[in-house]
Amino acid sequence: MWRAALSHRLRGGAAAASPWGRPGPPRPRSSLASCSASSSCWSCGLALPSASSPPRFCPSCRALQPPEPCADLFRLMGCKRTFQVDQGRLQQRFRSLQRALHPDYFSQRPQTEQDFSKQHSSLVNKAYRTLLNPLSRGLYLLELNGIELVKGTDTEADPEFLLEIMEINEKLSDANNDAKIEEMENFIAAKQEALTKGVRRAFDQDDLQEAKKLLAKMKYFANLEEKLKRKKIPF
Ligand code: ZN
């Protein structure tokens, strides 16, 4: 009986809010032209070698160059463009880039370079966060392949799955002690682990549509994880 009620609420849409919330304005598509890095040093005008890996310094005047407009986060972090990443290597690269780009090194440099160092730093932070988390890493890999999740709709998810999420949501609102919350945390962590394995398999087999389907599910569970976290914060 309550299942039918849930189904009804699902179709109504209000209770089964999409994990993406309201659809935002469309992001501007960057053209290839705006994605190419400058080929000469902003400071001394020397032609820069194109193959050097980011961040680039001018070989002549040593000036830090601006970040590439459409930097490949995998390349930036020295990782192969695959779903499976070497976390130790990722962490090492993150630390060495953070050291090399630390604002202290640029405090005596021109303002332009100080600004570039800040831009590089935030790009490195973004790259590290994106590649460390399986969900954002998978979504980024899809994006590189020209595939984006449909935002603001539930059309991609099957009704059975949405019903499962609704049931977990109900359980979550009923979970009123630490033991129950921990039980739910473990349950969702196990779900995410299984989905992550599935995503890895899908990418290994070049099945991007399957990867997309599983990542959409991971996004729902990530939302539940957020809700659980908020529940744990004492008021
Ligand atoms: Zn230069």
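Cα centroid separation, the stretch 131-207 to the stretch 35-103: 32 Å.
How would Phe116, Phe221 line up from fewest to most surrounding beta-carbon atoms within 10 angstrom?
Ordered from fewest to most neighbouring Cβ atoms within 10 Å, Phe116, Phe221 come out as Phe221, Phe116.
Database remark: amide H of Ser43 closer than 5 angstrom to no amide H (H placed geometrically; neighbours at sequence offset of 5 or more, or on other chains; Pro and chain starts carry no H). Evaluating 6.51 cos²θ - 1.76 cosθ + 1.60 at θ = phi - 60° for every residue in the stretch 168-178, the Karplus couplings come out as 5, 4, 4, 4, 5, 5, 7, 5, 10, 9, 4 Hz, glycine and proline recorded as x. Couplings 3J(HN,Hα) of the stretch 88-100, computed from phi: x, 5, 4, 5, 4, 4, 4, 5, 5, 5, 4, 5, 5 Hz, in residue order, whole Hz [Karplus 6.51 cos²θ - 1.76 cosθ + 1.60, θ = phi - 60°; x for Gly and Pro]. Less than 5 angstrom separates the built amide H of Asp72 from none of the residues sequence-distant by 5 or more or on a different chain.
Along the stretch 212-225 the Karplus relation, 6.51 cos²θ - 1.76 cosθ + 1.60 evaluated at θ = phi - 60°, assigns HN-Hα couplings of 4, 4, 5, 5, 4, 5, 4, 5, 4, 5, 5, 5, 5, 4 Hz to successive residues, with x for each Gly and Pro.
Among the trypsin sites (Lys or Arg not before Pro) in the stretch 58-103, those placed in a DSSP loop whose Cβ has at most 15 other Cβ atoms within 10 Å are Arg62, Lys80, Arg81.
If R0 equals 45 Å, the separation of the Cβ atoms of Leu144 and Lys180 corresponds to a calculated FRET efficiency of about 0.65. Near the amide H of Val85, within less than 5 Å, lie no amide hydrogens of residues on another chain or at least 5 residues away, with H placed in the peptide plane. Label sites at Glu167 and Leu46, each approximated as a point 7 angstrom past Cα along Cα to Cβ, lie 6.6 nm apart. Among the trypsin sites (Lys or Arg not before Pro) within the stretch 160-206, not one is in coil by DSSP while having at most 14 neighbouring Cβ atoms inside 10 Å. Among the listed pairs Lys212/Lys232; Lys171/Lys212; Lys197/Lys219; Lys191/Lys229; Lys171/Lys232; Lys171/Lys219, a Cα-Cα separation exceeding 23 Å is found for Lys212/Lys232; Lys171/Lys212.
A straight chain from Gln114 to Ala189 at 0.36 nm per residue would run longer than the Cα-Cα distance by 22.9 nm. Considering only Asn125, Phe83, Ala71, and ranking their Cα positions along the charge dipole of the stretch 52-132 that arises from unit charges at the beta-carbon of Lys, Arg, Asp and Glu, the one farthest toward the positive end is Phe83.
Every number in this text was worked out from the coordinates using simple rules, so none of it is lab data. On a predicted model such as this, the values are computed, not experimentally measured, just so you know. With ideal geometry, Cβ positions are generated from the backbone for all residues, glycine too; neighbour counts draw on all protein chains shown.
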